[in-house]
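Accompanying notes for the structure given below.
The values are calculated or read from the model by the stated rules, or taken from the named source; none is laboratory data. In this text the structure is predicted, and so the values were computed from the model without any measurement. Methodologically, a virtual Cβ is constructed for each residue, glycine included, from the backbone with ideal geometry; neighbour enumeration extends over all protein chains shown.
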């Protein structure tokens with residue numbers, strides 16, 4: 001009985017012989033890393049990957065989503081009073097994000 005690795009190698013060899021592998025868009029090039037991988041500090045990559053694989057996101061991701069929601073809300077706001085309130089909320093959130101990221105950069109830890 002073949003091991004799993006041997007079975008995989010056999011399937012890959014068959015696909016290579018039939019030309020199926022060469023038709024893949026990424027054939028002959030390195031696979032692209034996950035989105036944001038290069039921008040993530042090296043000391044956080046493994047921890048963030050573990051969180052992502054477990055179905056969780058770092059708390060900063062929730063802040064980024066909230067910022068996107070506020071920006072969309074601000075773009076569609078017509079009332080000057082409500083617009084000013086959204087601008088203040090967005091400014092405070094961006095300061096919170098900047099402080100959190102700076103803290104992570106300085107401490108190099110989560």
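Things worth noting here:
- Condition met for residue 58 (out of contact with any strand residue (DSSP E or B) (no Cβ under 6 Å at 6 or more places or on another chain) and in contact (Cβ under 8 Å) with a residue 40 or more places away in the chain): yes
- Qualifying position, being touching a helix residue (DSSP H, G or I) at 6+ places or on another chain (Cβ under 7 Å) and in a helix (DSSP H, G or I), among 90, 51: 90
- Identity of the residue in the range 28-48, free of Cβ contacts under 8 Å to residues at least 60 places away in the same chain and part of a helix (DSSP H, G or I), that ends up farthest from residue 95 (Cα to Cα): 46
- For the condition modelled with pLDDT under 85, assigned by TED's automatic domain parsing to the domain that holds residue 96 and within 16 Å of the chain's Cα centre (by Cα), residue 67 does not qualify.
- Residue in the range 78-85 that is within 13 Å of the chain's Cα centre (by Cα) and either free of Cβ contacts under 8 Å to residues at least 24 places away in the same chain or within 30 Å of residue 16 (Cα to Cα) (or both) present: no
- Qualifying residue in the range 72-82 (condition: touching a helix residue (DSSP H, G or I) at 6+ places or on another chain (Cβ under 8 Å), assigned to a helix (DSSP H, G or I) and exposed (fewer than 14 other Cβ atoms within 10 Å of the Cβ)): no
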